[in-house]
Amino acid sequence: MAAQNKISHQVGEFQNDVFRFDIHGVKSDIVGSHPLETLCQSAKQREEEMKRRILVNTYGTAFPMKMDFDRQILSRFQRPTGAIPSSMLGLEAVTGSLEDFGFEHYLNDPRESESFRPADLHHGMEVRIGLSKGPAHPSFI
Amino acid sequence: MSNSAIDVPSRGGFSFDLCRRNDMLAKKGVNLPSFRKTGTTIVGLIFQDGVILGADTRATEGPIVCDKNCEKIHYMAPNIYCCGAGTAADTEAVTDMVSSQLQLHRYHTGRESRVVTALTLLKKHLFNYQGYVQAALVLGGVDCTGPHLHTIYPHGSTDTLPFATMGSGSLAAMAMFESKYKEGLTKDEGIQLVVDAICSGIFNDLGSGSNVDVCVITKGHKEYLRNHLLPNPRTFVNAKGYSFPKKTEVLLTKITPLRERVEVVEGGDAMEE
Amino acid sequence: MSITEYNGSALVAMVGKNCFAIASDRRLGVQLQTIATDFQRISKIHDRLFIGLSGLATDSQTLYQRLVFRHKLYQLREERDMKPETFASLVSALLYEKRFGPYFCQPVIAGLSDEDKPFICTMDSIGAKELAKDFVVAGTAGESLYGACEAMFKPDMEPDELFETVSQALLSSVDRDCLSGWGGHVYIVTPTEIKERILKGRMD
């Protein structure tokens with residue numbers, strides 16, 4: 001086995017978890033670790049925007065605005081933050097995601113994650129009524 | 001979208017946790033393992049009353065044949081089937097996911113799925129992943145608008161054709177189709193032509209091999225002929241098998257008896273006198 | 001060097017009559033240096049279901065812990081053990097979710113169904129299932145294991161004969177692979193018992 005093919009051992013040198021991968025910089029934050037990562041995150045939003053633009057072109061601006069109101073109203077029907085996540089049935093029926101099925105429904109489901117952290121009810125309610133910052137469902141540590 | 005307080009529970013999806021580590025390893029000169037490919041001949045054609053799909057049954061990992069009899073014709077809907085070529089995990093995951101989506105759609109509408117629906121779902125998914133999901137598909141089916149045959153490329157572009165081939169053996173198979181295909185083939189002629197095309201792939205392309213699978217879809221009926229033809233039977237079988245007179249040396253044996261599984265029958269009237 | 005060759009491994013599972021065998025080598029190395037000679041590559045999920053994880057040892061251990069977690073979650077939710085087929089789908093899904101940054105790990109799954117029908121399965125590192133009726137192999141000794149098993153396998157073997165066949169196939173294969181070896185670890189699972197045996201092999 002040629003020498004350059006070996007993985008150099010770096011035991012004992014000054015290292016940090018961050019240094020091991022890369023210097024934590026703006027670029028790595030924006031680009032992500034894989035070209036697809038940002039794409040996956042923005043795909044749903046882009047799709048929604050396109051749908052909205054189609055609706056605007058077809059029915060005028062009032063129609064999608066009315067739909068947005070519906071969405072906002074329906075998104076308020078939520079359980080108090082805690083062990084059981086909100087089902088969002090009404091919202092899903094309006095957006096059509098009720099009959100959707102994709103990888104996001106069975107791959108890497110946060111509810112089955114081993115690093116799942118049960119939501120803090122107090123903090124979650126503070127977030128919901130606007131007293132505190134942060135996501136209402138911090139599912140990952 | 002307005003930034004209203006729509007905080008729906010977060011969803012899953014692909015996880016990119018290990019990408020950075022794997023990139024780091026790759027930069028250090030480590031070869032990352034190759035994935036299982038179907039390295040394939042898959043074909044499809046339209047005959048007088050439906051669609052015939054065909055596939056070989058070899059799966060390869062680099063130069064190693066890792067499955068001699070794998071299934072490459074995937075179920076999509078009762079009237080739609082799909083042949084997959086490319087990375088085996090991708091073709092399987094994509095076709096399974098879309099077939100679930102079609103089933104959900106059928107529950108919702110109560111109607112038979114259309115081939116174009118499957119086509120749109122597949123190409124939308126593949127286009128979203130910009131060719132990183134390496135699945136080349138031949139989609140065929142018969143719905144209320146007649147027989148349809150489509151090919152889908154990994155980047156999400158599609159073709160609609162009377163006869164189509166995909167995979168590493170596509171050239172060999174296409175040669176057979178180009179010379180013999182005509183409109184209005186009967187079922188037997190169609191199956192024979194598909195078998196010829198697959199066999200041409202099996203014998204002329206090293207990525208394809210073993211047996212021929214055929215799937216015939218007609219209006220309201222389908223016939224999945226698994227291992228329709230076995231042109232490469234195993235010839236080197238020792239009739240008596242191997243026996244080992246000198247036993248292997250065992251250092252330690254530990255035997256754990258399994259618990260008897262108790263079956264509970266509910267609703268019995270045992271204690272009656 | 002390929003990353004799957006960093007630790008070295010050999011794994012094989014074989015089907016017999018109402019029983020199955022799953023076997024591995026016992027070496028853990030760091031490239032050409034041997035670190036341990038009693039490494040456990042095969043783990044029990046429940047009494048009738050075993051998984052062997054070949055490839056990079058750090059990833060196999062992580063993956064194993066995640067699988068045990070998911071299986072326990074399933075047991076709590078469903079109050080029963082997972083069927084081998086279900087478990088194979090779970091492993092496949094866990095591997096496929098890391099499609100673009102995979103675990104360098106190739107699993108071999110072997111189990112007995114409720115009707116005592118043996119089930120064996122292997123996958124590549126991103127979860128492409130390969131269901132076989134006779135035998136499956138994985139690891140750095142995979143190529144030689146394919147040859148040995150292809151020649152030695154007979155359908156419908158009884159447990160004792162199956163043990164002999166799988167041991168001979170494993171030992172003869174790891175002798176031709178410098179990255180795996182140091183004896184073998186064989187599990188024979190029948191509907192009534194689990195036989196775990198440690199084989200003596202070459203120590204070079």
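Before moving on, here are some points about what is shown:
- Those residues of region A:98-112 for which accessible area with every protein chain present is at least 50 Å² below the isolated value (1.4 Å probe): A:Glu99, A:Phe101, A:Phe103, A:Glu104, A:Leu107, A:Asn108, A:Glu112
- Dividing the radius of gyration of the alpha carbons in chain C by their Kirkwood radius gives 0.94 for Rg/Rh.
- Comparing B:Pro233, B:Pro63, B:Pro245 in a Gaussian network model of chain B, where Cα atoms under 10 Å apart are tied by springs, the biggest mean-square fluctuation is seen for B:Pro245.
- Sequence-distant contacts, meaning Cα pairs under 8 Å at least 6 residues apart, place the relative contact order of chain B at 21 percent.
- With every protein chain in place, region B:37-229: carbon and sulfur % of accessible area (1.4 Å): 55 percent
- Chain pair B, C: total accessible area buried, heavy atoms, 1.4 Å probe, Å²: 4700 Å²
- On the basis of the beta-carbon distance and an R0 of 51 Å, C:Lys200 and A:Arg128 show a calculated FRET efficiency of 0.20.
- Theoretical FRET efficiency, 1/(1+(r/R0)^6), r = Cβ-Cβ of A:Tyr59 and B:Lys124, R0 25 Å, to 0.05: 0.60
- Theoretical FRET efficiency, 1/(1+(r/R0)^6), r = Cβ-Cβ of B:Glu189 and B:Arg106, R0 35 Å, to 0.05: 0.60
- Loop-resident sites, region C:38-117, for GluC sites (Glu not before Pro), counting at most 16 other Cβ within 10 Å (DSSP): C:Glu79, C:Glu115
- Calculated accessible area for chain C comes out at 36 Å² per residue, all protein chains present (probe 1.4 Å; ligands, DNA, RNA ignored).
- GNM top mover of B:Phe14, B:Phe47, B:Phe163 - chain B, alpha-carbon springs below 10 Å: B:Phe14
- Amide N proximity, region C:21-40 versus B:Leu252 label position 7 Å along Cα-to-Cβ, cut-off under 16 Å: C:24-28, C:36-40
- Over region C:3-199, relative contact order from alpha-carbon pairs under 8 Å, at least 6 apart, %: 32 percent
- Solvent-accessible area buried by pairing B with A, both sides, nearest 100 square angstrom, 1.4 angstrom probe: 3700 Å²
- Relative contact order of region B:19-176, defined on C-alpha pairs under 8 angstrom at six or more residues apart (%): 25 percent
- Mean ellipticity per residue at 222 nm, deg cm²/dmol - from DSSP H runs of n ≥ 4 across the protein assembly as shown, formula -39500 (n - 2.57): -10500 deg cm²/dmol
- Total formal charge among the other residues, if their Cβ is under 14 angstrom from that of C:Leu171, Lys/Arg +1 and Asp/Glu -1: +2
- Averaged per residue, region B:37-229 has 39 square angstrom of accessible surface, using a 1.4 angstrom probe with ligands and nucleic acids left out.
- Other protein chain C-beta atoms within 10 Å of residue C-beta, averaged over C:118-128: 5.
- Shape category assigned to chain B from the gyration tensor of Cα positions, a/c cut at 1.5: rounded
- Counting Cβ atoms of other protein chains within 10 Å of each residue's Cβ and taking the mean over peptide B:67-76 gives 2.
- 15 Å reach of a label modelled at C:Arg77, 7 Å along Cα-to-Cβ, counting backbone N of region A:73-96: A:84-85
- Where GluC sites (Glu not before Pro) fall in DSSP loop in region B:121-199, at most 15 other Cβ within 10 Å: B:Glu183
- Percent breakdown of C-alpha pair distances by 20 Å bin, ordered from the shortest bin, for the protein assembly as shown: 17, 46, 33, 5, 0
- In this simple spin-label model, placing a label point 7 Å from the Cα along the Cα-to-Cβ direction at both B:Leu161 and B:Leu230 gives a separation of 3.1 nm.
- The apolar share of the surface of region C:3-199, taken as the fraction of accessible area on carbon and sulfur atoms (1.4 Å probe, ligands and nucleic acids excluded), comes to 47 percent.
- Simple spin-label estimate for B:Lys68 and A:Glu49 in nanometres, 7 Å along Cα-Cβ: 5.4 nm
- Shielding by partners - mean other protein chain Cβ count within 10 Å, residues of B:238-247: 4
- Kyte-Doolittle at least 0.0, axis length at least 30 Å by Cα - qualifying DSSP helices, chain C: none
The values are calculated or read from the model by the stated rules, or taken from the named source; none is laboratory data. The model shown is predicted, which means the values in this text are computed figures rather than measured ones. We place every Cβ from the backbone using ideal geometry, glycine too, and count neighbours over all the protein chains shown. Surface accessibility is based on the protein's heavy atoms, side chains included, excluding ligands, DNA and RNA. Shrake-Rupley method; radii C 1.70, N 1.55, O 1.52, S 1.80 Å.
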